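Structure record follows, encoded as structure tokens.
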Amino acid sequence: MNGVHFVAGTPNAYIQEPGLLRTAGEWIARYGKRIFIVTGTKSWNQAGEALSQSLDEAEVAYEVAPYRGECSYAEVARLQELVGPGVELIVGVGAGKVIDTAKKLSNDMNIPLVTIPTLAAQCAAVTNLSVMYTDEGVYVDFPVFYRNSLLTLVDTELLAAAPVRYLVAGIGDTIAKWYEATASATGKPHNLPTIGGLQAAKLCFDTLIAHSKQAVADAREGKASDALAQVIDAVILFSGIVGGLGEDNCRSAAAHAVHNGLTAIPDTHHAYHGEKVAYGILVQLALENRPTAEIAELLDFYKEIGLPLKLRELGIERELTPQDWDNMAKVALSPDGTMGNMPFAVTEESVIEAIRRVELW
């Protein structure tokens, strides 16, 4: 952000309640009556029927454009050609990559954004950035925008009905906020927004430790419970507030950088974003030489809710080649990534050594 502490802490409006899709059209109509929806096939199968009915009842004209599976610059350019004249809102309906695609499209076209997450798997619905990949799924960079979503609608019934693995991945992505924000903020001026970002990160951590086990159990039964609502708000809203307030002082650090590195190994492409970030947290703790007791407590939490502890749980069931290690380390240390937010120098060798240490835990 060029040294300027720019705060885009939250969406203009965030609403979370069971069955919200049934009244989503009323909310969207307050901001625009002609919309362009970016979504994925699975996301639309999950949310499309209720959302379409709600939009029709609110007399909102809409066009649905399925995205092609990656949040890439080429995909955003393709979608831009499809947006007709008079569109008042871009609406992202889906998980992280869908919403990041809609977000980049919204900012490129200067059209306000509405987000409707269909999974509690990350904070994309409320953050002012998009994580960009190649069309093959390898991390590229993350442009930061100067505005946030106009409206975010979170239907806890919808999220409770989703596969539980996504929720667990979201918990992994969110618990990283505490470890990464504290690393990123080290040695930087702690103005009030930074302090607020750090407190939001701690609140995420404490909420997840307290409620994740019950939330996961309730989600397995499809129950939109209070515990699940608490975890959803931590994963989607307060997770986004961390960077929204702290910006570069509270950005991601080694955990997300390791995630980026793992995308260079095709074996991991079926692992979810939050699963790779969760593994990246362990690597960050190894890089920081955290106390054994602290690491053991986190490992117990991982085991309790089902987060990955080893590379094999991310799909790597073979001996990595020297080229694999080199590719992974290079992407993890990309200048367009987040490893530079660590408060000490990290090398390719130290990343590889930290991963090898984690594999022995």
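Would it be correct to say that residue 345 is of a type outside the set (D, E, K, R) and open to solvent by less than 80 Å² (accessible area, probe 1.4 Å)?
On the way: of a type outside the set (D, E, K, R): yes; open to solvent by less than 80 Å² (accessible area, probe 1.4 Å): no.
When the stated conditions are applied, residue 345 does not pass them.
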Count of segment 312-325 residues which are open to solvent by less than 60 Å² (accessible area, probe 1.4 Å) and within 26 Å of the chain's Cα centre (by Cα): 5
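Any idea which of 65, 61 is at pLDDT 95 or above, open to solvent by 40 Å² or more (accessible area, probe 1.4 Å) and not charged (D, E, K, R)?
Numbers: 65 fails: open to solvent by 40 Å² or more (accessible area, probe 1.4 Å).
That would be 61, the only listed residue that is at pLDDT 95 or above, open to solvent by 40 Å² or more (accessible area, probe 1.4 Å) and not charged (D, E, K, R).
How many of the residues in segment 265-298 are part of a helix (DSSP H, G or I), open to solvent by 30 Å² or more (accessible area, probe 1.4 Å) and not acidic (Asp, Glu)? Before you say what the answer is, go through the steps one by one.
Our first condition is that a residue be part of a helix (DSSP H, G or I); within segment 265-298, this holds for 266-268, 273-287, 292-298.
From what is left, the residues that are open to solvent by 30 Å² or more (accessible area, probe 1.4 Å) are 266-267, 273, 292-294, 296-297.
Checking which are not acidic (Asp, Glu) leaves us with 266, 273, 292-293, 296.
Here the count works out to 5.
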Under 7 Å between Cβ atoms, at least 6 apart or on separate chains: pull out the pairs that start in segment 57-72 with a residue that is within 17 Å of residue 103 (Cβ to Cβ) and end on any residue that is open to solvent by 40 Å² or more (accessible area, probe 1.4 Å) and among the polar types (S, T, N, Q). 66/41; 72/134
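Just to be sure I understand, how many residues within segment 299-311 are loosely packed, with under 11 Cβ neighbours inside 10 Å and of a type in the set (Asp, Glu)?
Keep residues of segment 299-311 that are loosely packed, with under 11 Cβ neighbours inside 10 Å, which gives 300, 303.
If we keep only those that are of a type in the set (Asp, Glu) as well, we get 300.
Residues in segment 299-311 being loosely packed, with under 11 Cβ neighbours inside 10 Å and of a type in the set (Asp, Glu): 1 in total.
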What are the residues in segment 69-83 that are open to solvent by 10 Å² or more (accessible area, probe 1.4 Å), in a loop (DSSP other than H, G, I, E, B) and touching a strand residue (DSSP E or B) at 6+ places or on another chain (Cβ under 7 Å), if any? 70, 82, 83
Which of (1) under 19 Å from residue 144 (Cβ atoms); (2) assigned to a strand (DSSP E or B) does residue 64 not meet, given it meets every other one? (1)
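Small (Gly, Ala, Ser), surrounded by fewer than 24 Cβ atoms within 10 Å (Cβ to Cβ) and either farther than 25 Å from residue 100 by Cβ or touching a residue at least 12 places away in the same chain (Cβ under 8 Å) (or both): does that describe residue 257? Steps first, please.
Values: small (Gly, Ala, Ser): yes; surrounded by fewer than 24 Cβ atoms within 10 Å (Cβ to Cβ): no; either farther than 25 Å from residue 100 by Cβ or touching a residue at least 12 places away in the same chain (Cβ under 8 Å) (or both): yes.
So residue 257 does not fit the description; no.
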Answer yes if at least one residue in segment 193-205 is under 30 Å from residue 88 (Cα atoms) and under 17 Å from the mean Cα position of the chain (by Cα), and no otherwise. no
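Which one is most open to solvent (accessible area, probe 1.4 Å) among residues in segment 84-104 that are part of a helix (DSSP H, G or I) and not hydroxyl-bearing (Ser, Thr, Tyr)?
To start, the set of residues in segment 84-104 that are part of a helix (DSSP H, G or I) comprises 96-104.
Now narrow it down to the ones that are not hydroxyl-bearing (Ser, Thr, Tyr): 96-100, 102-104.
Values: 96: 9, 97: 64, 98: 7, 99: 2, 100: 13, 102: 0, 103: 5, 104: 22 Å².
That would be 97.
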Name the residue, out of 215, 201, 227, that is without any contact (Cβ under 8 Å) to a residue 40 or more places away in the chain and either touching a strand residue (DSSP E or B) at 6+ places or on another chain (Cβ under 9 Å) or in a helix (DSSP H, G or I) (or both). 227
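Limited to segment 144-175, what total is found for residues that are more than 23 Å from residue 218 (Cβ to Cβ) and either open to solvent by less than 10 Å² (accessible area, probe 1.4 Å) or hydrophobic (A, V, I, L, M, F, W, C) (or both)? Don't jump to the end; show me each part of the working.
Within segment 144-175, the first condition is being more than 23 Å from residue 218 (Cβ to Cβ), and the residues that meet it are 144-151.
In the following step, the residues that additionally are either open to solvent by less than 10 Å² (accessible area, probe 1.4 Å) or hydrophobic (A, V, I, L, M, F, W, C) (or both) were identified as 144-145, 149-151.
Qualifying residue count for the region: 5.
The values are calculated or read from the model by the stated rules, or taken from the named source; none is laboratory data. All of these numbers come straight from a predicted model, not from anything done at the bench. Methodologically, a virtual Cβ is constructed for each residue, glycine included, from the backbone with ideal geometry; neighbour enumeration extends over all protein chains shown. For the accessible areas, the whole protein counts, side chains as well, though only heavy atoms, and no ligand, DNA or RNA atoms are used. Shrake-Rupley method; radii C 1.70, N 1.55, O 1.52, S 1.80 Å.
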